[in-house]
1. List the relative contact order of segment 121-240 as a percent without decimals, with contacts defined as Cα pairs under 8 Å and 6+ residues apart.
2. What 222 nm value per residue comes from the helices of the chain, counting each DSSP H run with n ≥ 4 as -39,500 (n - 2.57) and dividing by all residues, nearest 500 deg cm²/dmol?
3. For labels at S107 and E256 in the simple 7 Å Cα→Cβ model, what's the distance in nm?
4. Based on the mean of other Cβ atoms within 10 Å per residue, sort peptides 139-151, 75-87 so the most packed one is first.
5. Separation between the E127 and L26 pseudo-spin-labels, each 7 Å from Cα along Cα→Cβ, expressed in nm?
6. Residue separation times 0.36 nm, minus the C-alpha to C-alpha distance between E41 and F163: what's the value?
7. Multiply the residue separation of I85 and I135 by 0.36 nm, subtract the distance between their alpha-carbon atoms, and state the gained length in nm to one decimal.
8. Going by average Cβ neighbours within 10 Å, how do the peptides 236-246, 180-190 rank, with the highest at the top?
Amino acid sequence: MKIRQYQVDAFATRVFAGNPAAVCPLDAWLPDPLMQAIAEENNLSETAFFVPEGEGFRLRWFTPMAEVNLCGHATLATAHVILNILGHPAERVNFETRSGTLTVEQSHGQLSMDFPALTPTPCHMPEALAAGLGIMPNEVLEADDYIAIFDSEDCIRALSPDFGILRELELRGVCATAPGEQVDFVSRFFAPKLAIPEDPVTGSAHCELVPYWSARLGKDELEARQISKRGGEIRCRLNGERVILAGSAVTFMEAEIEIGNAG
């Protein structure tokens with residue numbers, strides 16, 4: 001069996017930037033262990049699989065270690081493939097996912113994703129969090145991830161985490177964030193327990209960050225930058241209980257997976 005696969009740099013306007021994701025269009029679902037094996041073989045932070053369903057698609061995301069409930073950059077990458085490579089007739093695509101219905105629209109060269117907002121709440125600071133980050137944050141919140149609040153962009157850039165310690169934490173990952181020098185806020189995201197030491201650009205984390213920064217800055221439209229080595233830009237808007245995340249995507253590679261000898 002051969003499967004078409006695309007590798008897309010999401011939240012980027014050029015290759016070798018943003019966050020790479022693999023995207024596999026399917027006519028019908030493969031066995032879960034096989035999809036997990038493909039994700040592990042790709043060794044990217046996410047591999048997305050989708051099949052037609054109704055007037056849209058069913059979408060699933062796999063890290064090298066596990067299936068996850070929500071992934072922003074791989075959703076952006078999948079929409080890019082459907083809208084710009086596979087010839088989808090509309091400028092809008094609907095995905096049914098573990099996180100409900102997600103809609104992506106294309107306009108003026110950018111893709112806008114409509115995601116659920118996840119408002120973080122204050123929590124006790126786990127000892128492993130401060131030890132793993134190496135710098136004590138001002139405040140810690142929690143949603144799907146721990147949100148560590150710092151004073152400045154320089155603090156975020158200076159982080160050199162101990163991933164072995166961060167792997168002990170209960171939640172999915174750690175998002176460190178601070179006010180930006182040229183944008184509203186910056187962040188970095190670490191998820192070593194999912195075999196992602198540092199994710200280049202994390203759409204799902206912005207579902208948590210946008211409600212926090214919107215309330216703190218008193219504005220619904222925000223410019224964000226994830227300051228990983230590859231980096232990425234995200235235009236954000238809080239819309240009630242939804243978050244709109246917009247960015248660009250570029251195709252890096254088209255390939256074919258041969259799984260006829262998979263055991």
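Since every read-out is calculated from the coordinates, none of them should be taken as a lab result. Just so we're clear, the structure is a prediction, and the values are computed from it rather than from any experiment. Backbone-built Cβ (ideal geometry, glycine too); neighbour counts: all protein chains shown.
1. Computed value for segment 121-240: 19 percent relative contact order.
2. Working: 6 runs with 56 residues, N = 263.
It lands at -6000 deg cm²/dmol.
3. The answer from the label model is 3.9 nm.
4. 75-87, 139-151
5. Calculated label separation equals 4.3 nm.
6. Working: separation 122, 0.36 × 122 = 43.92 nm, distance 2.17 nm.
Value of the extension gain: 41.7 nm.
7. Full extension from I85 to I135 adds 13.6 nm.
8. Highest-to-lowest ranking by the protection proxy: 180-190, 236-246.
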